[in-house]
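To start, the structure itself, in C-alpha cells.
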Amino acid sequence: MTQGERARRPRLAIQPEYGGRSDFYTGQFSLRFRLMSPRLPQGCTIGAGAPVDFRLKRSGPSQWISTNPPLIRFSAYDDTFAAPAAEDCGPRTGPLNRRLGLPAPSGNLMTYDATYTFRTYDQLPTR
C-alpha cells in the first residue's frame, strides 16, 4: 500500500461514553463505545443495547504527587470484562464486528491510569 492509498483510507475512532453506572468506591462502571468514521452511521456503537461493564482492581498503591494542591495518581485494571458486538452500524456491522473480534468473551484487559484532586469541606467557599 502506498502512502497516498493509506491517506485516502477512512479512519475509525472509538469514543467512550457513559453507560449508565459508575461507582468509583467499588470500581464498577459501564461504558458504551461510539465508533466514528465517515462510512459509519452516527449511532454505530459497541454496547448500544447493553453497555460494557467494568470492575476495576487497583494495580498498586496510590501515589501522592503533591499536597498543595492535593494530587493523587493511581492505576487500575480489569482483565475479566466481555465486549458485546457493535450495533446500528448499517451494512458494515458484520464486517466491522469480525474486524474488531466482537462479540468478545470475558477475559479482555483494560488498564486505567488516573490523577485526581479534591478539596476538603473546610476549603469550600461559604454561601
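Can you tell me which residues in the stretch 81-94 are part of a helix (DSSP H, G or I) and surrounded by 12 or more Cβ atoms within 10 Å (Cβ to Cβ)? Lay out the reasoning, then the answer.
First, pick out the residues of the stretch 81-94 that are part of a helix (DSSP H, G or I): 90-94.
Hits for the stretch 81-94 are Arg92, Thr93.
Filtered by the rule that a residue be among the polar types (S, T, N, Q) and either touching a residue at least 40 places away in the same chain (Cβ under 8 Å) or part of a loop (DSSP other than H, G, I, E, B) (or both), the stretch 22-80 gives Thr26, Ser37, Gln42, Thr45, Ser59, Ser62, Asn68.
Residue by residue, here is whether (1) over 16 Å from Ala13 (Cα atoms); (2) surrounded by 14 or more Cβ atoms within 10 Å (Cβ to Cβ); (3) among the basic types (Lys, Arg) holds:
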| position | (1), (2), (3) |
| --- | --- |
| Tyr25 | yes, no, no |
| Ser30 | yes, yes, no |
| Ser59 | yes, no, no |
| Arg73 | yes, no, yes |
| Leu96 | no, yes, no |
| Asn108 | yes, yes, no |
| Ala114 | yes, no, no |
| Arg127 | yes, no, yes |
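Between Pro91, Pro69, Pro103, the distinction of being out of contact with any strand residue (DSSP E or B) (no Cβ under 9 Å at 6 or more places or on another chain) and closer than 29 Å to Phe24 by Cβ belongs to Pro69 only. Looking only at the stretch 66-98, which residues are closer than 23 Å to Met110 by Cβ and of a type in the set (A, V, I, L, M)? Matches in the stretch 66-98: Ile72, Ala76, Ala82, Ala83, Ala85, Ala86, Leu96. Please indicate, with yes or no, whether at least one residue in the stretch 103-117 is assigned to a loop (DSSP other than H, G, I, E, B), in contact (Cβ under 8 Å) with a residue 24 or more places away in the chain and within 16 Å of the chain's Cα centre (by Cα). No, the stretch 103-117 contains no residue that is assigned to a loop (DSSP other than H, G, I, E, B), in contact (Cβ under 8 Å) with a residue 24 or more places away in the chain and within 16 Å of the chain's Cα centre (by Cα).
Every read-out reported here was derived from the displayed coordinates using simple, explicitly stated rules and does not represent laboratory data. Just so it is clear, the structure is predicted and the values come from calculations on it, not from any experiment. Glycine also receives a Cβ, built like all others from the backbone with ideal geometry; neighbour counts cover every protein chain displayed.
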